[in-house]
Each structure stands twice: as C-alpha cells, then as structure tokens.
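**Student:** Before we start, here is the structure in question, set down as structure tokens.
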Amino acid sequence: MTGRRAVLIAAATVAAVGCSTSAPDATAPQAEPKSGGSLTFATDADPGCLDPHQSPTAASQLVTRNVVDSLVAQDPKTLELKPWLAESWTASPDATSFTFTLRTGVTFSDGVPFDANAVKANFDRIVLPATKSLLAASLLAGYDGTTVDDPRTVTVKFKAPNASFPQAASTAFLGMQSPKVFEAGPEAVCRKPVGSGPFVAAERQPQASITLTKRADYNWGPETAKHRGAPYLDLVTINIVPENGVRMGSLRTNQVDAIANVPPKEADGLKGAGFEVLAKAQPGIAYTLNLNAAREPLSDVKVRQAIAKAIDTEAVVNNLYQGKYPRATSVLTGATPGYASVLGTSQFDAAAAERLLDEAGWAKQDDGTRAKNGKPLSIEWTFISPAREQRDLLAQVVQQQLKAVGVDVKLVPLAAGEVIAKTARGELQMGDISFVRADGDVLRTVLTAPRGGAPAVVAPEVPGLLTAAAATVDDGVRKENYAKVQRSLIENATAIPVYDPTYLLGVGKAVHGLGFDPQGLPSFHEAWVSR
Amino acid sequence: MRRAGFVLRRLASAVPVLVAVLTLSFVMMQLVPGDPVQTMLSGAGPAPTPEQEQALRHQLGLDRPLHEQYFGFLADAVRGDFGRSVQTGEPVVSAISAVAPASAELALFALVLSLVFGVGIAVLGRVATGPLRSLCHGVPVVFMSTPGYWVALVLIEVFSFRLTWFPATGDAGFGALVLPAVTLALPAIGVIAQVLGTSLAAVDAEAFVVTARAKGAGRWRVLLRHALRNASIPTITLVGTTVGNLLAAAVIAETVFARPGLGRLTLQAITNHDIPVLQGVVALLGVLYVVVNLLVDLCYVLVDPRVTADRIRD
Amino acid sequence: MKRPGVVLSLLVLAFVVACVAVPGLLAPTPPDRIDPLVMLEPPSFAHPFGTDQLGRDLFSRVVHGARMSVLVALAAASASLVVGALVGLVAGMLGGWLDALLMRAVDVLLAFPALLLSLAVIGILGSSVVNVAVAVAVAGVAPYCRVVRAQVLHVRTRPFVAAATVSGVRPSAVLVRHIIPNAAGPVLTLALMSLGVALLASSSLSFLGFGPRPPDADWGTLASSGRDYVGTAWWLTAFPGLMVVCTTLAVTALHRAVARR
C-alpha cells in the first residue's frame, strides 16, 4: 500500500501546480468552535433520490455524504486514502481481492450495529439489478461477492482486477447503510437513507428542503478530519433554490447562511460585500466537449482537429468564468490522480483550423460558411438543459467561435434523460461532459459505459490501456496508461477539454469551518455558527 | 329536496366530462413519441437486454391490446391509481399528494387576494370620481398584460432583496407566502375587477336600480344591496376558471420562488417526459374543475334563488 | 373613448412592427456580437438597455427578439382563429350529435388552465418554436369555437336568414352572404385580445425554457437569461419584460377601444 500512497501524493503535488485557483479547504477558524445552532444552506439542484447506491448525482451526494460513512476516507488535500469505518485493509497482488478490518463500536442511526455482515449486505445490494444503481454498481464492476471472515473482517472479491476499488470505497456511492432499510425497497431508501454518518436525514419536503439533524453519539469521524466527534451543528436545513440570482440575493440579505455554486461573475462582488467565497477544484473529468468520430462529418480527423483549434478556451474561461474556473489542460482535471498535462499551452489557432478545413475539402463559401459537394458543414451539439455552470452561455460562445471559421453549430438543449439515451444509441454528434471522481479510473467509468455526452469512439488501444490500468496495483503503470489515454483523446481530437470545474461556495459571515470533501462538495461535519 | 335533486343532476352531468378528461390523459400517453419502456430503462450503465424490456413492458401492461389498456387505465384511475413516476419510481398519487397542500395553501391565499382586491377595485371604480376612478379602470388592464415571471422577478428584487420585507424562498410561514401569492393574484385581480366593473355598470342602468335610487336610497346602499348582488353572477363564474388559472400560473411562481407545488411537479414531469405524473396532474385538474364548477353553480342558487338548474345548463 | 390611449397604443405597435420588419435599421449592432470589454454594463448612452453577461448589446437583442416573439404569437393566434372558427361553424351549421360532441370537446379543453394545456402539448410534442406556437394555439381555440357557434345560431334564427334557407338558397351561400359577415366583427375583436394573450403565453413558455434555441432569442428567453442576475443586473430582465408588457397593453387597449365601438 505504501507505494500506492507515495504515488498518490506525487499526483496531488502535480495537481497543486496545475491548478491556478487553489484555495483553503476550510474557513480558517477565528475562534474556538461553538456547539449548537443551525445552518441554512441553499443548493441549486434537487437531489432527487437520496440513496447513494442508486443516484449518480452530485446534488444527491451533497446530502448523502453527511449521512453515510465509508470504509475508507480520502484526504481532501493530499488525496491519500486513510482509515474510516475500516481500520486497515490489504489488496491481493492481482487486485482482485481486498480484505478490510473493521472498526468496532459503530452503529447506524436506527440502532443496527455496523459489522462485517453489514458490509456484505451493502455490496451485495448495490450490484442487485433491483437496486437500479446508476453509478455505484459500475464502481463494483466484476464484483464476485463478499465473504465474512469474522464479525470484523470482510474480503471483497472481483472476477477481474479492480485496483481503484479502495478509492471507490471512499466515495459516498459505496457508503455503508443500515441493512434494515433495504427491506423497505429502493423507493423507501430514496426518500430516507439510514447511515452511520454525523447527520441523520430527518425530514424531507419534496422539491423544497431536506433537514439533517445531529447524531449526538457520533465519534468515528475519519482520520482525515480535524474534528472526529459529534458535529457542532444541531440542525442543517438544505433548501433547494434553483435560481442562481435568488440564491445569491438570499445570501446577500442573510436569508440563508451559505449557498452552492456561486456564479463566477458574482464571486468578486460577493467578496467585496464581506462574504467568503471558497473555491475547490473538482477532481475527475474536466468539462470536455466530445466529437463523435463515428458520424459524418466528424469522422474526418482533420475536421475534428480544426474544431479543436477553432475554440479559444482561454477566452471562454476568461470571459465567462473570469478565470475562476481554470482552463483545462487535459481530459482529467489538474486535481485528479493520474492527471497528465497535455495542453500546457492552448491549442487555439484559428488560421490552422481554416487550413485544416480547406485541406479536408470543406471550401469556404461567399457567406462565410463552408460546404463540400453542396453539403454545408454543420454539426449538432446536444447538451443537458437546464445547464449548470452557465454551460448554455458557453455553448453560445463556442458557437460563435466556430462560426468564425465557417463551422455551423446547431445547439440542441435536451433533458438529462434524453441526452443519456441519445448517447447510448450513438446518435450524439457533439456532446459535453464533466464527471467528479478523485481517481484516474474515472476515465474507464466514462469511456466504457455510455455516459451522457461522453465520446462514443476512442482510439483502438484506449480500452486495453484502461483495463490494464485497472488490473495493476503498480501506480507507475497506471499513471503511464492514463497519460497515454489522455494524449490519445486529445491528439485524435475526439475530446476538447475546456475548463476544470470548480465548486464556488458562498459563505455567510456567521459560518465557520465549512469544508470540502475530496469530491469537492461541501461537508457540514466540522462547520459551526457564531450567533 | 329540489336542491338535492339539482346537486345530483349536476354530479351526473360531471361524469362525462371526467371520462373525457381521463380519455385525454390516456391519449396523451399514446401520442408521446418514443417508447416509455426505453425511457424508463435509459439510465447509465449497461444497455438493457430485450428480456428486461419485455419484462417491464409486461409489468406495465403495455403488451396488452390497446382497448384493454384503455379500460384498465380508466379502472385504475377511478381507484386513484396512476402508476408510478418514470423518474423517481414513486407512486404518482403520493408524488402529487406530497406537494398538493403547498399548492392549495398558495392558491387559496391568492384567491382571497384576487377577490378582495378585484371586488375592491371594481367597487371603487363605481363610487370614486376623478383620477382615482380612471386609475381603477386602467389598473386591471395593466395587471392582465403583465407576464407572471416578470412580476415575480420584480417583486423579489424590490421586496425581498432591497427592502428585505419578505423572504424570497421557502415555504415556511406566512411571510414566504406573500410574494408568490401576489404574483399569482395580479392577473386574477385584473380579470375580476374588469368583469365585475362591467357588470356593475350594466346593472346600474337597469330599472330596479334606477327605481331604488329614485326612492332615495343612498349610493352605497344601492351598490351593496342591489347592484353588487346582481352583478356578482358573472364574477362567480369567473372564480371557477380563476382557481385553475392560479394553479397553472403557479408553475412560474413556484420556479422563481423555489416553492414546492403542483406547478413545479408538472414542469419536472414535462422536462423528464414523465407521462404518468403528467396524467395524474391532468386528471386532478379535471376533477378540480368539475368540483369547483359544482360549487359555483350552488353559489348561483344561493345568490339568486330564481336560478334553476335548467337555466345554468344553457 | 380615450383617444390618447389609442394613439399611444398605435405608437407602441408601430415601434414593434418596425422592430419586426427592419431590426437592423433600429439597432445596427449585431445582437450576437460578444464583447468581453463591456460585460454586464448598466444602461448607458452607448448601450441604452445595458449589456448582458457576454457583453452583447441588450437593446439590439430586444429589437431583434421582437420578430420571434411577435411571429410566434401571431402564428398561434391565427391558428386558433382558423381552427376555432371552423369548428364553431361546423358545429353551428350542422348541429345534431356532431355539435354536441364538438361542444363537449370544447368543454374539456376549457376544463384546463391555458398555460397547463400548453405545457402538456409541449410535453407531448417536445420543445421547439413551432411546438410553442402549436401549444399556445391549442390553448386558445375554445373561445373561438364558442363565439362563432353562438353567432351562427344567432344569425340562423334571424328572419331574413330563415327565409333564405326556406326559399332554397344553398347553405354555402347563406354562409358566405349572412353568417360570415355577421360573425366577423366579434371574431376580429376576439382575435385582438387573443393576440395579447398569445404573446404573454408564448413568452412565459420561453421563460420556462421551451423557447427558441440560441443564437435566436425572443423576449421571454431574454428575460429568462437575466434571472441569474436579479439583484445585481436588473436591466437584463426589466427591458425585455417591459417590451412584453407594453406590447400586450397596446394590443389590449386597442381591443377595448374596438369592442366599445
């Protein structure tokens, strides 16, 4: 394990260099933390299903991360793996078998004790088709069962190697829930997950709010936390406020204590008014545009490269995000283990783009558009609506930039479900995606299953490289393979990285200690209020 | 006895409307392009196998002949069963009943505001003189011409963010109800004030009012005892449609003010192609329309005993 | 009748018509020109309505947005008129079970609030500009059916029409000579009002995200894109919204003037 940790630290150092908006991970404590009181948080997206085993969304994780604990904890700064509900663990050399020694004295909030049987019940349940897992099951790809060696020892086995499993086990997706709640069926768990975490999901008002109450007997916080006992806050109310402007105004007028996703353009104004804006670069897949090489006219690599060169990502991040989100330099964000800087300098070169298009036979017409054999050069870009992080505006900027070199882009906003379905059918011409996970294995998650907006076609060597990376505990090999995949995607111009998603958290004056988990989402465990 | 018979006849006449509404919901499901089974199975992860598709199709009864599906749907609907949401897997009825109280609260408050201010402006428009009178005649048109989303944003900007009188969001307490209710009420105030104003003017010219005035009855007395009573019939009719419109306009108010409710549920159902939920909402509104109109008809009888069921039928 | 109101309404409508016909003349700045140097600027002499989050000139966007807003509303209102009038005519002329069936269908339509009916139609057809027009049109059909049918029934009972029918004049001739001229007045009055309603409805649907796709934008989508900046950049929603209010008000005022005549 030590070798793996060393490499992870190295990766994290690279990340710190590559990331221009590194910010403190928690508000500096000005005074001794005070127990009691409540915090009102306004989030932007309705989390929907609150079962981490089922739901793939970050909106849902924002809630569940505070309710379920995981076997392993990942340090938000160093991305090192540390003990949590498991005191220690070992992996077999071929990465197919993992043995965890569990902590004792942990209980779920419904009183059921946490033990080896609970771990088995959780993993068995995730892969069950009836659970309808949208993400967690894919993290357990090749799952071959869990054996209970004794009440505090379990072995998780895989048919194929799954070297990144310990990291996956640190996410809320594979978090531990009370086996008793599974009996009520997946819909019941969606409404009310029961974990061993510092907070209990107490009440839910559909479309409006979720109330978390303190777990007073909590004392098994992860080794990565400064404060490992019961949370300071008695109550956290998470209000769902989809309107950015309304969320901002509510924070400014102190109607709420903290808000999710501050629009980058508003960040400086908010700071000027005495509020704190915490930034956390998210690990995983950068916000990336994807070109489907299986569909005309994008099957021509020159057309794809021309499009990649025609997009001025520097201008996009500066104008749209005021540099608050850094320009992406690879398909993985700078904060991801396995990241390799491919685009140290921007590949924007409009003249080269025009040349490539001329070479590919798309001649410029009098009206500035291009055509070949009477067919206009036009591509359809399908994206998810309502869009996060002003991606709808980004699409308009890119549309203009491509128009300048004669490529016509039709924007097709669709609901998330439809984008996913269209991707799965291979009908997407141009799409976009970002995906949070603090491990290079995220490339496998995104490229092998049909994720919404992900590239449909990759170079023939890519799947092999990813499988090989998942099959080894040798971090040198993993890193090398991930670097090759990142370079392949960009050289073939099937992927055009644009920006590294960064979570901007707006924090009111009375709130302290609000931090981020490794996925870059706010966590309330160590937060407290002074009033 | 006659009143009971009237109610029964009205109830009977509501049945065809309800069946028609339910039929419309069923047709909706058939009109939606694409395969509902595909939609339901199109999550991330491995592509569904034909067996999985077949199993779900059978479970949903989509492999039965269309007429069997239709009567099955009607029978389920009468029992209040609209199946499960495609998006969340939750029964449609519980999804609706979870947010219905919030909607009812908002619509009721907005209705009270609409009636109080609508009637107030109409009456003031009759008794006032000079600029106030012109104002009372002009204001309803302005209210009716202002889009709800704009009102919502202006109200939130002025009363929540600048004056900080009312909270912008949430569903806790009376304060949070004020701005969304005003947003909903404005167009309704406009319509009620205008219709009642017009009827008041018409009644004013009628013989019995002229007579009452000639007998020396005071301006207010004539207005309250005679004109208002007679002019109220078209207004009562209006209340029937107003309730539905308030619920529909809530789509926008609930989105902007981040309130839970039927409007947002409907909007979510539409963006996610969640047809069972949409069917449930459509059926609920159909029932509501029938019930409200029944109540409206009863109000006619109370206001004006001369009105009989037959006259209403026209 | 208040003349100043009518004159003002006509002036507003003249401006809107100019926006639709020759937007480039009124606002020479291209509506989609991105200018990073003037992002989110308040109204000024150079940018009378201010600029948006990409530095695009809002005045130009509002002027160019008129075409989409007005044409969708016009298309929807005309479609309601044509379909509604036909249904009303058929029901009124033929009578019998067809009349009963059509009128029950109209009852069902009326059972639903207009906005919800439009949303349901979009839920079925999917969102696009054409579908928004269809959705608004469907919601506006019922009043025409009722008005036209009532006119037909009313005219048919008139002595001269009854006489014409009895003396063997073909129904089509009765229709053309008597019924259409008599029904035209009320229908056109209704059309003016329903144009205003259609403008409000279509802009609301655009606001909810079902409107035209970028780079096209109508007033509803423009107002909607300013939602993120309520509290910091009021002009983004204020001006497009004001255009909807003024246009609807002008149309409604004209309707009242015509109706009172």
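**Student:** To the nearest whole number, what is the average tally of beta carbon atoms from other chains within 10 Å of the beta carbons of peptide A:52-59?
**Tutor:** 1
**Student:** Another question about this same structure. Ordered by residue, what ³J(HN,Hα) values in Hz, to whole numbers, does the stretch A:221-228 give under the Karplus form 6.51 cos²θ - 1.76 cosθ + 1.60, where θ = phi - 60° and Gly and Pro are x?
**Tutor:** The phi angles translate into x, x, 4, 6, 8, 6, 10, 10 Hz.
**Student:** Let me know the charge dipole size of chain B about its Cα centre in debye, to the nearest 20, where only the beta-carbon of Lys, Arg (+1) and Asp, Glu (-1) is charged.
**Tutor:** Once rounded to the nearest 20, the dipole reads 1860 debye.
**Student:** In whole Hz and in residue order, list the ³J(HN,Hα) couplings for the stretch A:276-284 that follow from phi through the Karplus curve 6.51 cos²θ - 1.76 cosθ + 1.60, θ = phi - 60°; x for Gly and Pro.
**Tutor:** Rounded to whole hertz, the list is 9, 10, 8, 10, 9, 5, 8, x, x.
**Student:** Above 19 angstrom, tally the Cα pairs of the stretch A:142-197 and express them as a % of all pairs, no decimals.
**Tutor:** Everything past 19 Å amounts to 44 percent.
**Student:** Could you order the peptides A:505-511, C:105-111, A:133-139, C:156-162 from most to least packed, using the average number of other C-beta atoms within 10 Å per residue? If you can, show how the numbers build up before the last one.
**Tutor:** On the way: A:505-511: 21.0, C:105-111: 19.4, A:133-139: 23.1, C:156-162: 12.4.
The most tightly packed comes first, giving A:133-139, A:505-511, C:105-111, C:156-162.
**Student:** Continuing with the same structure: Along the charge dipole of chain A, pointing to its positive end and built from +1/-1 on Cβ of Lys, Arg, Asp and Glu, which listed residue (A:Pro186, A:Gly334, A:Phe524) has its Cα farthest out?
**Tutor:** Value: A:Phe524.
**Student:** Arrange A:Phe182, B:Phe82 by Cβ neighbour counts within 10 Å, fewest through most, would you?
**Tutor:** So the residues, fewest neighbours to most, are A:Phe182, B:Phe82.
**Student:** Now for a different question. Which part of the stretch C:229-248 falls in the paramagnetic zone of C:Ala14, meaning amide N under 20 Å from the point 7 Å along Cα-to-beta-carbon?
**Tutor:** C:243-244, C:246-248
**Student:** Considering every pair of different Cα atoms, what Kirkwood radius, in Å, is found for the stretch C:115-261?
**Tutor:** For the stretch C:115-261, inverting the mean 1/r across all distinct Cα pairs yields 17.9 Å.
**Student:** Compute the distribution of all C-alpha to C-alpha distances in chain C, in bins of 10 Å from 0, and list the percent of pairs in each, rounded to whole numbers.
**Tutor:** Spelled out bin by bin, chain C gives 7, 26, 28, 21, 11, 5, 2, 0 percent.
**Student:** Right, another one. I'd like to compare C:230-236, A:423-429: which one has the highest average count of other Cβ atoms within 10 Å, and what's the full order after that? Write down the numbers at each step before the final one.
**Tutor:** Details: C:230-236: 22.7, A:423-429: 19.3.
So the peptides C:230-236, A:423-429, ranked by packing, come out C:230-236, A:423-429.
**Student:** Could you tell me what % of all Cα pairs in the stretch A:24-142 have separations over 23 Å?
**Tutor:** Within the stretch A:24-142, distances greater than 23 Å cover 47 percent of Cα pairs.
**Student:** Can you list residues from other chains, or at least 5 along the same chain, whose modelled amide H is less than 5 Å from the amide H of A:Tyr499?
**Tutor:** Result for A:Tyr499 returns A:Tyr287, A:Ala328.
**Student:** Please give the FRET efficiency for C:Asp216 paired with B:Leu295, using the beta carbon to beta carbon distance and R0 = 45 Å, rounded to the nearest 0.05.
**Tutor:** 0.50
**Student:** Ignore the peptide's own chain and count Cβ atoms of other chains within 10 Å of each Cβ in A:419-430; give me the average, rounded.
**Tutor:** The mean count of partner-chain Cβ atoms within 10 Å per residue comes to 2.
**Student:** Moving on. What is the magnitude of the charge dipole of chain A about its Cα centre, with +1 placed on the Cβ of each Lys and Arg, -1 on the Cβ of each Asp and Glu, and no other charges, expressed in debye to the nearest 20?
**Tutor:** Rounded to the nearest 20 debye, it is 140 debye.
**Student:** OK, next. If you project the alpha carbons of the stretch B:168-216 onto their three principal axes, what span does each projection cover, largest first, in Å?
**Tutor:** That works out to 55, 19, 9 Å along the principal axes.
**Student:** Follow-up question, since we're still on this one. Bin width 10 Å, origin at 0, all Cα-Cα pairs of the stretch A:88-218: what percent of pairs per bin?
**Tutor:** Bin by bin from 0 Å, the calculated values are 12, 41, 35, 11, 1.
**Student:** Right, something else. Cβ neighbours within 10 Å, averaged per peptide: list A:192-204, B:10-22 in order, most packed at the top.
**Tutor:** Output ranking for A:192-204, B:10-22: A:192-204, B:10-22.
**Student:** Okay, moving on. Whose amide H sits under 5 Å from the amide H of A:Thr336, counting only residues 5 or more places off or on another chain, with H placed in the peptide plane?
**Tutor:** Correct list: A:Gly284.
**Student:** Here is a further query. Taking the Cβ of B:Gly89 as the centre, find all other residues whose Cβ is under 13 Å away and add up their charges (Lys, Arg: +1; Asp, Glu: -1).
**Tutor:** The answer is -1.
**Student:** While we're on this one: So who's got an amide H within less than 5 Å of the one on A:Asp69, skipping anything under 5 residues away but keeping other chains? H placed 1.01 Å off N, in plane.
**Tutor:** Under 5 Å from the amide H of A:Asp69 lie the amide H atoms of A:Met176, A:Ser196, A:Gly197, each far enough along the sequence or on another chain.
**Student:** Now for a different question. Which FRET efficiency, nearest 0.05, do A:Ala510 and A:Glu203 yield, Cβ-Cβ r, R0 30 Å?
**Tutor:** Computed FRET efficiency for A:Ala510 and A:Glu203: 0.80.
**Student:** Enumerate the calculated ³J(HN,Hα) couplings along the stretch B:140-154 in order (Karplus 6.51 cos²θ - 1.76 cosθ + 1.60, θ = phi - 60°), each rounded to whole Hz, writing x wherever the residue is Gly or Pro.
**Tutor:** x, 5, 4, 4, 6, 9, 9, x, x, 5, 6, 4, 4, 5, 5
**Student:** To the nearest 10 degrees, how steep is helix A:391-404 against the longest Cα principal axis of chain A, on a 0 to 90 scale?
**Tutor:** The angle comes out at about 20 degrees.
**Student:** Which whole-number percent is the relative contact order of chain A (Cα, under 8 Å, 6+ apart)?
**Tutor:** 22
**Student:** Another question about this same structure. Note down the Stokes-Einstein diffusion coefficient of the stretch C:175-242 in µm²/s, whole number, using a Kirkwood radius over alpha carbon pairs, 4 °C, and 1.567 mPa s.
**Tutor:** The estimated diffusion coefficient comes to 92 µm²/s.
**Student:** For peptide B:249-260, what's the mean number of Cβ atoms from other chains within 10 Å of each residue's Cβ?
**Tutor:** Partner Cβ neighbours, averaged per residue: 5.
**Student:** Moving on to the next point. Relative to the present Cα-Cα distance, how much length would full extension add between A:Thr472 and A:Lys226 at 0.36 nm per residue of separation?
**Tutor:** 85.3 nm
**Student:** Further, regarding this structure: Quote the Stokes-Einstein diffusion coefficient, in whole µm² s⁻¹, for chain A, based on the Kirkwood radius over alpha carbon pairs, a temperature of 10 °C and a viscosity of 1.306 mPa s.
**Tutor:** In µm²/s, the coefficient rounds to 67.
**Student:** OK, next. Taking the Cα centre as origin and putting +1 on Lys and Arg beta-carbons and -1 on Asp and Glu beta-carbons, what dipole magnitude results for the protein assembly as shown, to the nearest 20 debye? The partial results should precede the final answer.
**Tutor:** Working: 92 positive and 83 negative charges, 882 e Å.
Here the protein assembly as shown has a charge dipole of around 4240 debye.
**Student:** Testing the spin-label approximation: label points 7 Å from Cα along Cα→Cβ at C:Val83 and A:Arg425. State their distance in nm.
**Tutor:** It is 2.6 nm.
**Student:** Express the Stokes-Einstein translational diffusion coefficient of the protein assembly as shown in µm² s⁻¹, to the nearest whole number, given a Kirkwood radius over alpha-carbon pairs, 10 °C and a viscosity of 1.306 mPa s.
**Tutor:** For the chosen part, D equals 50 µm²/s.
**Student:** Can I ask one more? Round to the nearest 0.05 the FRET efficiency obtained for A:Thr104 and A:Ala416 when R0 = 56 Å and r is the Cβ-Cβ distance.
**Tutor:** Numbers: r = 42 Å, r/R0 = 0.75.
That pair, A:Thr104 with A:Ala416, gives E of 0.85.
**Student:** Tilt of helix B:66-78 relative to the longest C-alpha principal axis of chain B, in degrees (0 to 90, nearest 10)?
**Tutor:** 50
**Student:** Using alpha-carbon pairs under 8 Å, 6+ residues apart, how would you state the relative contact order of chain C in percent?
**Tutor:** Relative contact order, chain C: 24 percent.
**Student:** Per 0.36 nm of contour for each residue apart, how much would the distance between B:Leu132 and B:Ala75 grow if the chain were fully extended, relative to their Cα-Cα spacing?
**Tutor:** Here the answer is 14.9 nm.
Read-outs: derived from the displayed coordinates by stated rules, not from any lab. Since this is a predicted model, take the numbers as computed values, not measurements. Note: ideal-geometry Cβ built from the backbone for every residue, glycine included; neighbour counts use all protein chains shown.
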